[in-house]
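Right, one structure below, let's go through it.
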Amino acid sequence: MASKTPDFTTEGATSDARFDAVIIGAGFAGLYQLHCLRDRLGLTARVLEAGDGVGGTWYWNRYPGARCDTESHAYTYTFSKDLIDDWAWTERYPGHAEIRRYLNHVADMFDLKRDIRFGARVAKAAYDDRTGLWRVETENGHHYTAKYLITAVGCLSSANIPNIPGLDSFAGDWYHTGQWPHEGVDFTGKRVGQIGTGSTGIQSAPVIAEQAAHLTVFQRTANYSVPARNGPLSDEFKAYVRKNFPEIRATMHSTANGHAFTISERSAHDATPAEREKIYEAAWNRGGLQFRGSFKDLTTDKSANDTAAEFLKSKIRQVVKDPETARKLSDIDHPYAAKRPPIDTNYFETFNRDNVALVDVRAHPIQKITPKGIVTDEGEVELDIIVFATGFDAMTGPLLGMNIQGREGALLKDSWREGPKTYLGLQVAGFPNMFTITGPGSPSVLTNMPVAIEQHVEWITDCIAHMEANGIARIEPKAQAAEKWVLDVNAAANETLLPQAKHSWYLGANVPGKPRVFMPYAGGMARYRKICADVAARGYEGFEMVRA
Ligand code: NAP
């Protein structure tokens, strides 16, 4: 882990530093929010960022193979033509280092860094009923006050490290993929155990296996994966993106998931088995998340989904040579894409290597960690390094970790004891003037994140502009509107196959004790965009606004 930056500023150290807005986080969301408030509305804003650089999730996730699953030409801001013209991605999917370079480029181009405080992890944020201001305190004791508090903390930034007995006694080294050392980890000659086979584990295992003496993958839930088919982008493709960006952007804004590909309008049931096979084979060869778009009903109709699921399971059996390993890898207990579908580079092929083994911890649960390794009821696997690719306390974890207090000192963690409750994923009743970019109840993680982020930031910016222009001191959702939105989020999930994956992090099921509530809005980005626009057009329906 990088060493902590010493304070280079006395701002907020002896008396509160006062701004119109405090924004927490300097990833895609925080950077754009700063630009909008400062450069479009002329407000003062300070970004507080725990890391020592911009990047958000990509500042922390530097594990082997870390790369975005969204194609690079769509994993981008769309608000500035100059920015689009000024940047060209090099590969079909951007790697973590290239995304950091992009976000640094954005921060420099719009001169954002002067308003960001790095190494400033928020310890507490409390609303003061008397002044109507938020008071934010960082771990290093600096204080900020602001009318608006905007959380841009990401959905997947609170590492989930399972509480396995004996971890403290392990004599080797261990790492969580979401808190990866900046200097990297040398696996040469090491016996490595990787726990987890989600999007992260599926990316990291092939890279670790190439360097390590031996890799054991501990799999609890077998997973589908489609080849990413990554590679350098041709000059022709880069030129095409520049020339056609308005149409690409229009596609990203019209599809349910915010990607630059469209979903077929055909049902899987309208194709013969031979036609389906051909379509799936073509999608497999093309690679990437658009496999989901092969038919319109793969995410909503179980029997349509079964056809894709069976195709993908048969691919695993074709690729993996050892029949028992292939059986374990293809013994998948949920519909395709009911958990976030990973894409990979040589994931299943990795299990054909002599130095890779698979342990099924659903059948043989991990019992403990000893100084020497990991113990299941099949015995002990001796290890030098353990890699936890075990995911995140998603969506609520980063917000609940900041000790947020609303009106009359009410704690967010108490308000959300039964599960998160927001209105549109944007605001929480009882927490005036706090906006949660891609909060629980927003489409966020079910979509291409920069698209979701831009929509949120622009909606929040318009809302704040409206408040400033009309002398409004306070906005917060009415309790009834938030209650209804929770029902709408549930109803939208129930229109899909997503709730059928009982162990998914969308439901909070990956963190022991977390309430099981379907958290993201599954109605699609286009529908959500219209709902938010209509709410604003009807005078911020469902919100209470109080004049100064
Ligand atoms: P994840 O999807 O939550 O996967 C965590 C894995 O660890 C699962 O296989 C899980 O098993 C396993 N696990 C957790 N606790 C365990 C325990 N106590 N014992 C054994 N196994 C355990 O996390 P992730 O892979 O980091 O991905 C999280 C999300 O981040 C993704 O869904 C995606 O949205 C995003 N992401 C995106 C990219 C990208 O764009 N390239 C890359 C990585 C991640 P169970 O399934 O049984 O719980």
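Let me know the charge dipole size of segment 71-192 about its Cα centre in debye, to the nearest 20, where only the beta-carbon of Lys, Arg (+1) and Asp, Glu (-1) is charged.
300 debye
Using a/c under 1.5 as the rounded threshold, could you call segment 290-435 rounded, prolate or oblate? The axes a ≥ b ≥ c are square roots of the C-alpha gyration tensor eigenvalues, and prolate needs a/b larger than b/c, oblate otherwise. Oblate is the answer for segment 290-435, as a/c is 1.5 or above yet b/c matches or exceeds a/b. The label point for residue 548 and the one for residue 44, both projected 7 Å from the Cα toward the Cβ, are 1.4 nm apart.
Extending 7 Å from the Cα toward the beta-carbon at both residue 403 and residue 495 defines two label points whose distance is 4.2 nm.
Evaluate the relative contact order of segment 315-420 (contact order divided by residue number), counting alpha-carbon pairs under 8 angstrom at least 6 apart; express in whole percent. It comes to 12 percent, rounded to a whole number.
To the nearest 20 debye, what charge dipole does the chain have about its Cα centre, counting +1 at the Cβ of each Lys and Arg and -1 at the Cβ of each Asp and Glu? Once rounded to the nearest 20, the dipole reads 600 debye. Of the GluC sites (Glu not before Pro) in segment 187-282, the ones in a loop by DSSP (not H, G, I, E or B) with at most 11 other beta carbons within 10 Å are 265.
What nm distance separates the two modelled labels at residue 79 and residue 169, each placed 7 Å from Cα along Cα→Cβ? With each label placed 7 Å out from Cα toward Cβ, I get 5.3 nm.
Atom-type composition of the exposed protein surface of the chain places 49 percent of the accessible area on carbon and sulfur (1.4 angstrom probe).
By its C-alpha gyration tensor, with a ≥ b ≥ c as the square roots of the eigenvalues, how is segment 91-173 shaped: rounded for a/c under 1.5, else prolate for a/b larger than b/c, else oblate? Don't skip to the end; give the middle numbers.
Working: a/c = 2.50, a/b = 1.18, b/c = 2.12.
The shape class here is oblate.
Below 8 Å between Cα atoms, with a sequence gap of 6+, how large is the relative contact order for the chain in percent?
19 percent
Checking the Cα-Cα distances for 190/368; 328/372; 124/421; 243/339; 278/339 against a 30 Å cut-off, the pairs over it are 243/339. Per residue, segment 320-469 exposes an accessible area of 34 Å² to a 1.4 Å probe, with every protein chain left in place.
Mean residue ellipticity at 222 nm, helices only, the chain: -9500 deg cm²/dmol; runs of at least 4 DSSP H residues each add -39,500 (n - 2.57), and the sum is divided by the number of residues.
Using a/c under 1.5 as the rounded threshold, could you call the chain rounded, prolate or oblate? The axes a ≥ b ≥ c are square roots of the C-alpha gyration tensor eigenvalues, and prolate needs a/b larger than b/c, oblate otherwise.
prolate
Here the gap between residue 13 and residue 243, fully extended at 0.36 nm per residue and compared with their Cα-Cα distance, gives a gain of 77.9 nm. Accessible area per residue for segment 162-238 is 42 Å², calculated with a 1.4 Å probe on protein heavy atoms, without ligands, DNA or RNA. Once C-alpha pairs closer than 8 Å and six or more residues apart are averaged by separation and normalised to the residue number of segment 450-548, the relative contact order reads 42 percent. Positive end of the dipole of the chain (Cβ unit charges, origin at the Cα centre): among 366, 96, 291, the Cα lying farthest that way belongs to 291. Across the options 159, 466, 74, the greatest Cα extent toward the positive end of the charge dipole of the chain (unit charges at beta carbon of Lys, Arg, Asp, Glu) belongs to 466.
Sparsely packed loop sites in segment 365-423 (the trypsin sites (Lys or Arg not before Pro) outside DSSP H, G, I, E and B with at most 14 other Cβ atoms within 10 Å) comprise 417. Compute the distance from the alpha-carbon center of segment 337-405 to that of segment 175-209, in whole Å. Cα centroid of segment 337-405 versus Cα centroid of segment 175-209: 10 Å apart.
Taking the Cα centre of segment 318-380 as origin, sum charge times position over the Cβ atoms of Lys and Arg (+1) and Asp and Glu (-1), and report the length of that vector in debye to the nearest 20.
220 debye
The values are calculated or read from the model by the stated rules, or taken from the named source; none is laboratory data. Since the model is a prediction, treat every value here as computed from it, not as a measurement. Virtual Cβ from ideal backbone geometry, glycine too; neighbours counted across all protein chains shown. Protein only, heavy atoms only, side chains kept; ligands, DNA and RNA dropped before computing areas. Shrake-Rupley method; radii C 1.70, N 1.55, O 1.52, S 1.80 Å.
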